[in-house]
Structures are given as C-alpha cells and as structure tokens.
Amino acid sequence: MRSEEPPKTTASEPVDPDVTPADVRRRRASRRARRGTLAVVAVGGSLGALARFGASLLWPTPTGAFPWTTLTVNAAGCLVIGVFLVAVTEVFTAHPLLRPFFGTGFLGGFTTFSTYCVDIERLVDAGRATTALTYLVATVAAATAAVAAGAFGTRRLLSHRSTS
C-alpha cells in the first residue's frame, strides 16, 4: 500500500486560516472606496484652489499690505463649512462622497492655512510685525466666528422651516 502525499497547493504565500474569502472581498471593496474618496478629495481640492487663485487675481494684495483677500477667502470658506456640515450631518442625507468632495476637497482647497502663514511671514519680513500679529489674530477670530455663525444660522433657519 502506497502512502498518500498531501495535495500540492498553488499558494505562493502563507495563508491565514482565520481570514475568510468574505474578509478578502471586504478589504478589496474598502480599498476601492478609499481610492474613490481620495479621487473626489483631489478633484474638489483642485477646484477649490483654483477658486482661491481666482479670488487673488480679482483682488490682489499689494506687497506689504494687509492680506484682505486671504482673510476674506478663509472667513467665507469657514462660513460655508459651517452651513454645509450642519446641512449634510443634521438635516439631509447626502451622497457618501459629497462631504469628502465639497467639505474636505473644495473648501479645504479654497481656504488656505499655508497662504495665511506665508502672508504673516512676509509682513514680518517687511517690518510690519504689528500688522502681522493683527492679521494672525483677525484670521483665527474671523474663521472661528464664521464657522459658528454658519452652523448656528443654518440650525436656526432650518428649525424655523420645520416648525412652520
């Protein structure tokens, strides 16, 4: 009687016996979803950055002057973030890619912490430290107030609509 040899496997890597084919399918689907999210954030960010660039062309800031354009863009973007996030998290059911596209991508590209920092550095380098400090504080205050106003105003407006 001849002893039987174990069947040969075609797997070239070790196989975890605790991982089921369903686990593998879920992981693949998760990777595909992350790629889709990354793609919409990238497209939204590109469009937001272009909109911010357009604002800087329409309203350029002279060298050494107070950077009103960047302050206004950041405050406006924060206002929209406040409105948008209340709308899509508390009121409406949105497509799963809308928040990454618009909230993270577009508004993240439109608002700009990097330009804000460069503006401060340029003002300090130009000997305008007081203006730089004023801009630093004003931007944080305006952005925080804008998000709060957008969220509060949206909640208030939507609560009045639902009680009418």
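So which residues in region 111-123 are surrounded by fewer than 15 Cβ atoms within 10 Å (Cβ to Cβ) and of a type outside the set (Asp, Glu), if there are any at all?
Phe113, Ser114, Cys117, Val118
Of all residues in region 131-164, which are in contact (Cβ under 8 Å) with a residue 60 or more places away in the chain and over 27 Å from Val91 (Cα atoms)?
Thr131, Thr134, Tyr135, Ala138, Thr139
Can Val91 be described as within 17 Å of the chain's Cα centre (by Cα) and under 30 Å from Arg35 (Cα atoms)?
no
Quick check: is even one residue across region 152-161 under 21 Å from the mean Cα position of the chain (by Cα) and not in a loop (DSSP other than H, G, I, E, B)?
Scanning region 152-161 turns up at least one residue that is under 21 Å from the mean Cα position of the chain (by Cα) and not in a loop (DSSP other than H, G, I, E, B).
Among the helices (runs of 4 or more DSSP H) lying completely within region 18-110, list those that include at least 3 residues that are open to solvent by 50 Å² or more (accessible area, probe 1.4 Å), aliphatic (A, V, I, L, M) and under 25 Å from Phe152 (Cβ atoms).
Counting at least 3 such residues, we get 68-86.
Name, by its number, the condition in (1) part of a helix (DSSP H, G or I); (2) β-branched (Val, Ile, Thr); (3) farther than 22 Å from Gly45 by Cα that does not hold for Thr139.
(3)
The values are calculated or read from the model by the stated rules, or taken from the named source; none is laboratory data. For clarity, every value in this text was computed on a predicted model and none was experimentally measured. Don't worry about glycine lacking a Cβ; one is built from the backbone with ideal geometry, like all the others, and counts go over all protein chains shown. With ligands, DNA and RNA removed, areas are computed over all heavy atoms of the protein, side chains included. Shrake-Rupley method; radii C 1.70, N 1.55, O 1.52, S 1.80 Å.
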